[in-house]
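Colleague: Starting off with a structure, shown below.
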Amino acid sequence: RRLAGQAAKQNADLAHELELQAIELEQQLEESQALSEEIEQSAEELGERTAAAEAAEQYTKRVLDSITHPFVVHDADWRFRSINEAAAAIFNQSPHASHEPPVGRVLWDVYPDIVGTVFEREMRRAATERRPVTFEAFHPGRGEWSMVSCFPLPDGGLATQWTDITDRKRAEEREHYLARASDLL
């Protein structure tokens, strides 16, 4: 009887322990399910945010590509971050064109011929002074005049847009020489 009583007490203790473990397992299962639901919800939110970010990126690309003048964005380290279609077309015609697109590359490495020119000086001035700068400059490599507008960006980068003004400059030069010839005559 005594052994049976001890065995019964041990069985009762074990049953109680099993009951406590069952309760703990139920709590862990509930926590696991709650975490699983949170993860699922987070994954859905991440998917929605990713889709929204992709849509925003596509929208931005369409806006940039709708700009008919060449337009590029550089980061604070002068790496190309964005190039619209008009700029890409010009870059593809450049003697510096490579199979590798300029995005991610440093402006001064891609176009070393503008280092030390009015292009570099004015672009750096816009970036340093953190204010828009517009200037006209001749690019001897292309034989073209450009009117360039640089706009500092909040992250330290620079947005640059330019227009080919070669025809206007040639017309001004013709007028100048005609006026001189007229004066001489």
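Colleague: For the range 154-176, how many residues meet the condition of being among the hydrophobic types (A, V, I, L, M, F, W, C) and surrounded by fewer than 16 Cβ atoms within 10 Å (Cβ to Cβ)?
Modeller: Counting residues in the range 154-176 that are among the hydrophobic types (A, V, I, L, M, F, W, C) and surrounded by fewer than 16 Cβ atoms within 10 Å (Cβ to Cβ) gives 1.
Colleague: So which of Ala179, Ala159 ends up being over 24 Å from Glu85 (Cα atoms) and either in a strand (DSSP E or B) or free of Cβ contacts under 8 Å to residues at least 40 places away in the same chain (or both)?
Modeller: Ala179
Colleague: Return the pair list, or none, for Cβ contacts closer than 9 Å from residues in the range 50-62 that are free of Cβ contacts under 8 Å to residues at least 60 places away in the same chain to residues that are of a type outside the set (Val, Ile, Thr) and assigned to a helix (DSSP H, G or I), at least 6 apart or on different chains.
Modeller: Here the result reads none, with nothing in the range 50-62 linked to a residue that is of a type outside the set (Val, Ile, Thr) and assigned to a helix (DSSP H, G or I).
Colleague: Pairs under 9 Å by beta carbon, first residue more than 24 Å from Arg124 (Cα to Cα) and outside any loop (DSSP other than H, G, I, E, B) in the range 92-107, partner at pLDDT 75 or above and open to solvent by 60 Å² or more (accessible area, probe 1.4 Å), six or more apart or different chains?
Modeller: Gln93/Arg142
Colleague: Considering only residues of the range 104-136 that are in contact with a Lys or Arg (Cβ under 9 Å, 6 or more places away or on another chain) and crowded, with 18+ Cβ neighbours inside 10 Å, which is modelled with the highest pLDDT?
Modeller: Val133
Colleague: List the pairs whose first member sits in the range 114-125 and is outside any helix (DSSP H, G or I), whose second member is open to solvent by less than 70 Å² (accessible area, probe 1.4 Å), and whose Cβ atoms are under 9 Å apart, counting only residues at least 6 apart or on separate chains?
Modeller: Within 9 Å, the pairs are Val115/Trp108; Thr117/Ala137; Thr117/His139.
The values are calculated or read from the model by the stated rules, or taken from the named source; none is laboratory data. Computed from a prediction, not measured in an experiment: that's the story for all the values here. Counting neighbours? That spans all protein chains shown, and the Cβs are built from the backbone with ideal geometry, glycine included. Quick note on the areas: whole protein, heavy atoms, side chains included, nothing else; ligands and nucleic acids left out. Shrake-Rupley method; radii C 1.70, N 1.55, O 1.52, S 1.80 Å.
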